[in-house]
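Everything below concerns the one structure shown next.
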Amino acid sequence: MATTDLAPAAPPAAGTGTAPAAAPEIPVPPVNHQYVLTLDCPERPGLVHAVTGFLLEHHGDILELKQFDDFRGGRFFLRVHFAVPEGRDPGLAALREAFEPLVREHQLRFELREAGARRRVLVMVSRFAHCLNDLLSRTRVGDVPAEIVAVVSNHPDHRALVEWHGIPFFHVPVTKETKPEAERRLLELVDRFEVELVVLARYMQILSDDLAGQLRGRAINIHHSFLPSFKGARPYHQAYERGVKTVGATAHYVSSDLDEGPIIAQQVQEVDHAYGPEDLVAAGRDTECKALSNAVRWHCEGRVVLHGNRTVVLR
């Protein structure tokens, strides 16, 4: 039977061998600065060309672009995430200044931010803590690009939880007599902490028309039903009595009309006849957390644009 010699070959004599090939170099990605531009304006031809031409002129590389043309309302919406290589980046202020001619020409409303910038958020809460807990967790791990800079509550219940996260907690009681002073206190905190967004995470006090107006477009509420049904107290018990097959939650911008503000996000969950009121409450809490976190995330990422009593969400 034939045999095979499996003995290893002798190493080459010193000075006669071939040196091992060098490991290939792993390319280092170029450093760049990233920005997000969100805008809306009257609809007209050439808007995308104008914006992308501006980006090309300033060495911008488009990473993501979303657009919507509301031909019924005659308005155009666009969000673009772009990068500028280091060494060619003029900086945020210079980009904003250079963009002004387009703003005037096309009557743009726009926001230009650094892509990694976290928005400063103040959360308001009453006794139910599930939405607060969810936002604390999601912002801590970076799932929602926001920094919770303060929490305000009309009850003292959640002080320990909030302060464990290293966030200032403010107990601001509200009665019919003290409501004007409580709202003044809230606005003081908004100014003091340079708050960009107020989130009502199951805050069970109705904001005055004046406060709602001052916070227009920068205050998000979570409503414990799939609007516009089952308003008011005990919505899940109302849903149980009606034998619903779906529960849901709605996140919307605050307006002077209670629970009628522009809708940003909605979340639903299928249920059936076996769900009692407590089961519906538990399912509802999950939908509330998801709808609110989505709305806050999209707002912070510059994806939400107010359009009358509606929103356009560019995602």
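Here are the numbers for the structure shown:
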{"item": "Count of residues meeting criterion [assigned to a strand (DSSP E or B) and crowded, with 20+ Cβ neighbours inside 10 Å] in region 297-311", "result": "3"}
{"item": "Checking A212 against (1) under 19 Å from the mean Cα position of the chain (by Cα); (2) under 14 Å from Y253 (Cβ atoms), the condition it does not meet", "result": "(1)"}
{"item": "Answer from V172, V151, V199, V195 - the residue that is touching a Lys or Arg at 6+ places or on another chain (Cβ under 6 Å) and under 11 Å from V123 (Cβ atoms)", "result": "V195"}
{"item": "Unique match (being within 30 Å of Q34 (Cβ to Cβ) and not assigned by TED's automatic domain parsing to the domain that holds L65) among A251, A239, A283", "result": "A251"}
{"item": "Count - residues of region 61-106 that are of a type in the set (G, A, S) and under 25 Å from the mean Cα position of the chain (by Cα)", "result": "3"}
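The values are calculated or read from the model by the stated rules, or taken from the named source; none is laboratory data. Being a predicted model, the structure only gives us computed values, none of them experimental. Note that each Cβ is placed from the backbone with ideal geometry, even for glycine, and that neighbours are counted across all protein chains shown.
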